[in-house]
Amino acid sequence: MVHVFKCGAPVLDFVGTLRARRNAVPTEMLTSPESLEAWFRESGLVDGDTPCKPSDVERAIALREAVYLLLVATLAGDDYDAAALELVNGTARTPSAVPQLTREGRRVDATPQQALSSIAREAVRLLGGPEAALLKECSRPECTQVYLDRSHGGRREWCAMDPCGNRIKAAAYRARKRTEARGASPARAASPSRSRR
């Protein structure tokens, strides 16, 4: 697989196709029509090929950034950006991917426009429904993934254990070890032990 799906909803994974947004040079995953086709297929949004053109990639990136602005506003409790809201709602109003029943089972084929409409509709459903209260941004500063926290008690702090959770835990471990090493300095070691009191 080319893409990563760890945020709890395909629309959030779609937003995550621009990784490390706060870095000087974020990592763009939608770099070609083929990468967008791969995302549609790997996400399970469509079952077959969805031939894309460079203009479809431009539309996908515009939609992704509009959804991201709405997510950030939701997390901050701010008003929605009007242009972002119009783009998401306008895309959601167009025909979406439609599942069909075949002898082999359920199958979804879609044009790029239909696939993007399905993503916009999921954004509307997520942001306009009860799951919006479960949205969080990963606590690893280098990561900007927004995810659904369905953990018991809502205590999840990162988008996924690998790599973010592992990196946060490793950094905390190294910080504890540095603190312990400073605490065991020669001057401190020569002082009377507090445990004898």
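Looking at segment 65-76, can you tell me whether even one residue there is within 19 Å of S118 (Cβ to Cβ), open to solvent by 10 Å² or more (accessible area, probe 1.4 Å) and of a type in the set (F, W, Y)? Checking segment 65-76: at least one residue is within 19 Å of S118 (Cβ to Cβ), open to solvent by 10 Å² or more (accessible area, probe 1.4 Å) and of a type in the set (F, W, Y).
The combined condition, being free of Cβ contacts under 8 Å to residues at least 24 places away in the same chain and open to solvent by 40 Å² or more (accessible area, probe 1.4 Å), is not fulfilled by A62. Only a single criterion out of (1) of a type in the set (K, R); (2) under 26 Å from E28 (Cα atoms); (3) surrounded by fewer than 19 Cβ atoms within 10 Å (Cβ to Cβ) is not satisfied by R150, namely (2). With respect to being under 23 Å from V124 (Cβ atoms), among the acidic types (D, E) and within 16 Å of the chain's Cα centre (by Cα), E58 falls outside the description. Taking every residue in segment 13-29 that is over 17 Å from L63 (Cα atoms) and open to solvent by 50 Å² or more (accessible area, probe 1.4 Å) and pairing it with any residue that is β-branched (V, I, T) and part of a loop (DSSP other than H, G, I, E, B), at least 6 positions away or on another chain, the pairs with Cβ-Cβ distances below 7 Å are R22/T144.
Residues of segment 44-59 that are buried (at least 19 other Cβ atoms within 10 Å of the Cβ) and of a type outside the set (D, E): L45, V46, T50, C52, V57. Any idea which residue in segment 1-31 is modelled with the highest pLDDT, counting only those that are in a loop (DSSP other than H, G, I, E, B) and basic (K, R)? Of everything passing the filter in segment 1-31, R21 is modelled with the highest pLDDT.
Residue selection: E34 fails the criterion of being free of Cβ contacts under 8 Å to residues at least 12 places away in the same chain and in a helix (DSSP H, G or I). Give the number of residues within segment 73-100 that are touching a strand residue (DSSP E or B) at 6+ places or on another chain (Cβ under 8 Å) and among the hydrophobic types (A, V, I, L, M, F, W, C). The total comes to 3. Looking at (1) buried (at least 17 other Cβ atoms within 10 Å of the Cβ); (2) over 18 Å from L148 (Cβ atoms), find the lone condition where H3 falls short. Against the list (1) buried (at least 17 other Cβ atoms within 10 Å of the Cβ); (2) over 18 Å from L148 (Cβ atoms), H3 comes up short only on (2).
The values are calculated or read from the model by the stated rules, or taken from the named source; none is laboratory data. As the structure is a computational prediction, the values presented were derived from the model and not from experiment. Note: ideal-geometry Cβ built from the backbone for every residue, glycine included; neighbour counts use all protein chains shown. SASA here: full protein model, heavy atoms, side chains in, ligands and nucleic acids out. Shrake-Rupley method; radii C 1.70, N 1.55, O 1.52, S 1.80 Å.
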